[in-house]
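The values are calculated or read from the model by the stated rules, or taken from the named source; none is laboratory data. All of these numbers come straight from a predicted model, not from anything done at the bench. Virtual Cβ from ideal backbone geometry, glycine too; neighbours counted across all protein chains shown. These accessible areas exclude ligands, DNA and RNA; they are computed on the full protein's heavy atoms, side chains included. Shrake-Rupley method; radii C 1.70, N 1.55, O 1.52, S 1.80 Å.
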Amino acid sequence: METNSSLSAGRENSDALLALDRALCGDIWAGDAAARLLETLCVDYGGRFAGSADYRGAAEALAEQWRAAGLADVHLEEFPIIGWERGESALTMTAPATRALPCIALPPAPACDIEAEALDLGYGLDPDFAAAGDAVKGKIVLVRAGAPPGQRPSHRLEKYIRAQQAGAAAFLFFDGEPGMLAATGSLHSDPDGPFETLLPGAGLAYETGLELARWLSRGPVTLRLRMTNRARRDVSWNVVGDLRGASAAGSGPQVLVCGHLDGHDIAQGAIDNASGVVAVSEVARALAGQADALGGGVRFVAYGAEELGMIGSYAYAASHRAELDDLRFIFNLDCVGTSGPLGLYLQNCSELTPIFRRLGQEMGGDYSVQEALIPFSDQFPFTLEGVPSAFIATGGGGPRGWGHTAADTLDKVDVRAIRNAAAVVARLVVRVAGDRAWPGRRRTPDETRAALQAQGVEAQLRLLGAWPF
Ligand SMILES: [Zn+2]
């Protein structure tokens, strides 16, 4: 008898869940809300660069959309940043021949006018700097993106910090993909640190970097780098809104659905990350219509200043630390607008890998589940706090990645990919928040430290000043 009644209760539950899935998917796939918000963010507010009037406008417009969708207590939370304005940038080879080499300043590079000998430091890894030794001092160093095949990828910021520590005069970084597109990206992540004395840095296109490397392989090269950028202390904001589930009274949210709203100043930031914010907003809109069915509170956050070094998510994790024990899971959507497969990259919560795989099979959800620690997106400040999360992104979808280049524009985005990501995440949120025996758990600081050490990222995080233990 008992078995039968629990079986029929299980069937009723799964029928109710199926009805809920249909409502959520219908809301997300019908209508043009996603396409309209995408266009608003990319066209009306451009790159939404941290510290710009466009970013503030985008944050207010998004807050208004979330209020209209039915989220409660929608507000902006302020935090400090280093604001920066791009000026003119000119890189010239002055010897052995005269060549103008197109470049873009990397935020928050200071103004400069430097003429110095250049030095090719390969991938800019520790052994490259060690081999060059004192020869780095006073040189304009050239490094390429990535690492040799089979080695751990090294982030632009690591290479930059090594160059600064070794006494270079300037830092030139070139992108790993052809197409004459220089990639931008931040050189600094401490909003309270000094910025006037930073090493000047500029990005080159792949072809320009190779041209310069070829000249350097023949003999000495002298370069002149002139930039007129301006930096200042400033503030930015996270957009925060709540959907309160039936049993969430008195505690913090159980689930966080988030993505970064800011982009770079040289493009519309369409894939990176208007796509993610639109998906987050679609999850909010669909779940707001089914709030009674939610087992716990769900919070939505659009972070500011991710592109300056995840400043907004670090600020959120610090100011909401008291709520982190209540958080079961964080879905961070960063670049979900290309037509390749949707991936959930779980962060230090391997007990959830079989759970999310099973949920995917039950839902017919179109996504893959992998375990891969990613220190360069907004879930990472929470990983350091031991909170389980997924970095969510789509792969492929074009001849090359467009992120951080001037070509990250609206035309590159496939709205169907955003809708698929939103429909998958909305259904997963219902399941995570509704499971009375959810098996995920927050790590202790000791467990988190040990897990990061086992992943071999301690040295990298120490170099970046992001090792909190
Ligand atoms: Zn991003």
> Got a sec? Which strands (runs of 3 or more DSSP E) wholly within segment 15-101 have at least 2 residues that are touching a Cys at 6+ places or on another chain (Cβ under 8 Å) and touching a residue at least 24 places away in the same chain (Cβ under 8 Å)?
Replying inline: 89-95
>> Checking C335 against (1) away from the ligand (no atom under 16 Å from the Cβ); (2) at pLDDT 95 or above; (3) out of contact with any Leu (no Cβ under 9 Å at 6 or more places or on another chain): exactly one of these is not met. Which one?
In response: (1)
> With respect to R328, is the statement that it is more than 16 Å from the ligand (Cβ to nearest atom), under 17 Å from I392 (Cα atoms) and of a type in the set (K, R) true?
Replying inline: yes
> Can you tell me which residue in segment 263-300 is farthest from the ligand (Cβ to nearest atom), limited to those that are outside any helix (DSSP H, G or I), open to solvent by less than 10 Å² (accessible area, probe 1.4 Å) and out of contact with any Ser or Thr (no Cβ under 8 Å at 6 or more places or on another chain)?
Replying inline: L294
>> Go through (1) touching a Ser or Thr at 6+ places or on another chain (Cβ under 7 Å); (2) modelled with pLDDT of 95 or more for E385 and report which single condition fails.
In response: (1)
> Among the listed residues V457, V413, V430, which satisfies the condition of being among the hydrophobic types (A, V, I, L, M, F, W, C) and under 30 Å from D292 (Cβ atoms)?
Replying inline: V430
>> Please determine whether any residue of segment 353-372 is surrounded by 24 or more Cβ atoms within 10 Å (Cβ to Cβ), modelled with pLDDT of 95 or more and either farther than 30 Å from R152 by Cα or not assigned by TED's automatic domain parsing to the domain that holds L157 (or both).
In response: no
> Can you name the number of the only condition in (1) open to solvent by 10 Å² or more (accessible area, probe 1.4 Å); (2) in the same structural domain as A50 (by TED's automatic domain parsing) that Y206 fails?
Replying inline: (2)
> Yes or no: D21 among the charged types (D, E, K, R), open to solvent by less than 20 Å² (accessible area, probe 1.4 Å), closer than 21 Å to D366 by Cα and at pLDDT 90 or above?
Replying inline: yes
> How many residues does segment 349-386 contain that are touching a residue at least 60 places away in the same chain (Cβ under 8 Å) and touching a Pro at 6+ places or on another chain (Cβ under 9 Å)?
Replying inline: 9
>> Take A202 and tell me if it is of a type in the set (A, V, I, L, M, F, W, C), modelled with pLDDT of 95 or more, touching an Asp or Glu at 6+ places or on another chain (Cβ under 9 Å) and on the phi < 0 side of the Ramachandran plot.
In response: no
> Going through segment 76-121 one residue at a time, which ones are open to solvent by less than 60 Å² (accessible area, probe 1.4 Å) and of a type outside the set (A, V, I, L, M, F, W, C)?
Replying inline: E77, G83, G87, S89, T92, T94, P107, P108, P110, D120
>> Being open to solvent by less than 20 Å² (accessible area, probe 1.4 Å) and among the small types (G, A, S) is the filter here; which residues of segment 123-136 pass it?
In response: G124
> If the Cβ limit is 6 Å and pairs must be 6+ apart or interchain, which residue in segment 332-348 that is under 17 Å from V415 (Cβ atoms) pairs with which residue that is more than 13 Å from the ligand (Cβ to nearest atom) and among the aromatic types (F, W, Y)?
Replying inline: L342/Y367
>> Against the conditions (1) open to solvent by 20 Å² or more (accessible area, probe 1.4 Å); (2) among the acidic types (D, E); (3) in contact with a Gly (Cβ under 8 Å, 6 or more places away or on another chain), where does E307 fall short? Just the number, please.
In response: (1)
>> For R442, only one of the following conditions fails: (1) crowded, with 18+ Cβ neighbours inside 10 Å; (2) under 30 Å from R285 (Cβ atoms). What is its number?
In response: (1)
> How many residues does segment 345-381 hold that are in contact with a helix residue (DSSP H, G or I) (Cβ under 9 Å, 6 or more places away or on another chain) and within 16 Å of the ligand (Cβ to nearest atom)?
Replying inline: 9
